[in-house]
Amino acid sequence: MTQNTLEHAPEHIKLAVDLIMLLEENNVPAEQVLAALEIVQADFAKKLDTESSL
């Protein structure tokens with residue numbers, strides 16, 4: 001993905017690229033990343049459920 005393409009990408013794609021870069025720059029092992037992402041996904045799914053029930 002080129003910089004120009006990324007500038008026009010949806011916000012969730014930009015966030016994903018930023019997170020990937022952060023994790024790779026800090027040499028976080030893939031196994032740890034995936035385990036952490038499961039926790040993050042569960043947390044944000046709960047937040048989304050709470051927001052939609054308001």
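Just so you know, all these numbers are worked out from the coordinates, no wet-lab data involved. Owing to the predicted nature of the structure, the values given are computational and were not obtained by experimental measurement. All Cβ positions, even for glycine, are placed from backbone atoms using ideal geometry, and neighbour counts span all protein chains on display.
Structural remarks
- Phi-based couplings in Hz for the range 7-20 (Karplus 6.51, -1.76, 1.60; Gly and Pro marked x): 4, 9, 6, x, 4, 5, 6, 4, 5, 4, 5, 4, 5, 4
- Qualifying trypsin sites (Lys or Arg not before Pro) in the chain, where qualification requires a DSSP coil assignment and no more than 13 other C-beta atoms within 10 Å, are lacking entirely.
- The chain - mean residue ellipticity at 222 nm from DSSP helices (-39,500 (n - 2.57) per run, n ≥ 4, rounded to 500): -26000 deg cm²/dmol
- Mean projected area of the convex hull spanned by the Cα atoms of the chain, taken over all viewing directions: 4.8 nm².
- Phi angles of the range 40-46 translate, via the Karplus equation with coefficients 6.51, -1.76, 1.60 and θ = phi - 60°, into HN-Hα couplings of 4, 4, 4, 5, 6, 5, 5 Hz per residue; Gly and Pro are given as x.
- With the simple model of a label 7 Å out from the Cα in the direction of the Cβ, Lys47 to Ala16 spans 1.9 nm.
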